[in-house]
């Protein structure tokens, strides 16, 4: 989408919470401390447009979903009191919180559950000396379980949920390139690791990157980076 939007002749408004957004906009509503872009959209509607009364149930549902997923169902430390006030307003506007949770988290296929189980049993590696865990997925895995878009969503969080783990990686061989997702706890800098080693970036505790190297090379690169962060990973 970036190329056609950049070439478009109309006025461009950028609303984002990611670090270092692309700069081809005419107007920016940007806050990297915000938990979600949906949070900023709500602010824009209510503060800049002063138009909260016209937030429809469909709009509220979309905004609720964006905030919920970006905050890990409101459990990440980015979940502030403002977030809860916004969520209350969105429910008042017609968002059905129970239905949204059901649709997002209780709609897995049998194949996806088997894929998750296979990955946790066969593709999970733990590096206790660095309080780090990694899950990798091969092309053969994707084909064997007929993985579709979205089936790998949240997989990295299983690695991060292990007691004592401060950094988790998900590395997937997508044929055309290797995709990497990092999640962390505390001040472990996912964004720095992704920027230095994997042509990526993002937030402190949630970032992504990619590589055109083969899967094993990317795995080895990730492992080789860990000693550089041992102090912060083990403190």
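Rule-based calculations on the coordinates, nothing more; no lab input. Being a predicted model, the structure only gives us computed values, none of them experimental. Cβ atoms come from the backbone with ideal geometry, glycine included; neighbour counts cover every protein chain shown.
Report yes if some residue within region 84-95 is touching a strand residue (DSSP E or B) at 6+ places or on another chain (Cβ under 6 Å) and either surrounded by 12 or more Cβ atoms within 10 Å (Cβ to Cβ) or within 25 Å of residue 203 (Cα to Cα) (or both); otherwise report no. No - not one qualifying residue is present in region 84-95.
Inside region 1-56, residues that are more than 28 Å from residue 72 (Cβ to Cβ), in contact with a strand residue (DSSP E or B) (Cβ under 9 Å, 6 or more places away or on another chain) and not in a loop (DSSP other than H, G, I, E, B) make up a count of 1.
Go through the residues of region 169-177 one by one and say whether even a single one is assigned to a strand (DSSP E or B), touching a residue at least 40 places away in the same chain (Cβ under 8 Å) and under 25 Å from residue 73 (Cβ atoms). Looking through region 169-177, at least one residue is assigned to a strand (DSSP E or B), touching a residue at least 40 places away in the same chain (Cβ under 8 Å) and under 25 Å from residue 73 (Cβ atoms). Listed conditions (1) in contact with a helix residue (DSSP H, G or I) (Cβ under 9 Å, 6 or more places away or on another chain); (2) loosely packed, with under 13 Cβ neighbours inside 10 Å; (3) under 30 Å from residue 189 (Cα atoms) are all met by residue 105, apart from (1). Report yes if residue 203 is closer than 25 Å to residue 22 by Cα and in contact with a helix residue (DSSP H, G or I) (Cβ under 9 Å, 6 or more places away or on another chain), otherwise no. Judged against the criteria, residue 203 is a match.
Within region 43-71, the set of residues being over 12 Å from residue 17 (Cβ atoms) and crowded, with 18+ Cβ neighbours inside 10 Å comprises 55, 60, 61, 63, 64, 65, 68.
Residues of region 78-108 that are touching a residue at least 24 places away in the same chain (Cβ under 8 Å) and not in a helix (DSSP H, G or I): 78, 79, 80, 93, 94, 95, 96.
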